[in-house]
């Protein structure tokens, strides 16, 4: 195989309509799931760490517990209960319930270290609870949120079993099909290269989103 022929083969495999379909599925999965995980994770952390939630220690364990159950086990349970589950929105449901603790845990840890006096000062200046949260607390959670969002995104790119059970095609499921069914190493390698490229993009986005800000608690 000459260099020109090899390049033509690679571009032909990458720029197929099927790759575009997989790319759209994967991007939609990330774009929808990550914000939902952020809402559930940050919201749960706020309830546990900043409210008088009854049994908050118990809730802290419950909200972190989904990480102890692999996503494909969750998917199997859902499919067993509702056999008709399939497609994008089923994948979003299962992935969100499986991975939101990746946001909750760092967000809760950050909130536990933040100085409550900052929020009290904001309240004394007339800010309500919601305005205090969005203007004072949320910016200080940026690092935890971007890191958690990155972890969720990378898990979504790497997950196979959960999405295979609900017949939702992503790059990972397509790569496994190429290697297991057709033994087409070249096509599988090209799909894997696109997947690696997506991972690099996510890492760059996380670095840009994180910025150079650092937060510290001062005083006793």
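Data overview
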| item | result |
| --- | --- |
| Residue within region 142-156 that is in a helix (DSSP H, G or I), out of contact with any helix residue (DSSP H, G or I) (no Cβ under 9 Å at 6 or more places or on another chain) and surrounded by fewer than 20 Cβ atoms within 10 Å (Cβ to Cβ) present | no |
| Conditions (1) assigned to a helix (DSSP H, G or I); (2) in contact (Cβ under 8 Å) with a residue 12 or more places away in the chain: number failed by residue 24 | (2) |
| Some residue of region 173-193 being crowded, with 18+ Cβ neighbours inside 10 Å, part of a loop (DSSP other than H, G, I, E, B) and modelled with pLDDT of 85 or more | no |
| Residue in region 119-136 that is nearest to the chain's Cα centre (by Cα), counting only those that are at pLDDT below 75, surrounded by fewer than 16 Cβ atoms within 10 Å (Cβ to Cβ) and within 17 Å of residue 51 (Cβ to Cβ) | 129 |
| Single unsatisfied condition, residue 115 versus (1) surrounded by 13 or more Cβ atoms within 10 Å (Cβ to Cβ); (2) in contact with a helix residue (DSSP H, G or I) (Cβ under 9 Å, 6 or more places away or on another chain) | (2) |
| Single residue of region 52-111 satisfying the filter (in a loop (DSSP other than H, G, I, E, B) and within 17 Å of the chain's Cα centre (by Cα)) that is surrounded by the fewest Cβ atoms within 10 Å (Cβ to Cβ) | 69 |
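The values are calculated or read from the model by the stated rules, or taken from the named source; none is laboratory data. Not measured: the values here are computed from a predicted model. Don't worry about glycine lacking a Cβ; one is built from the backbone with ideal geometry, like all the others, and counts go over all protein chains shown.
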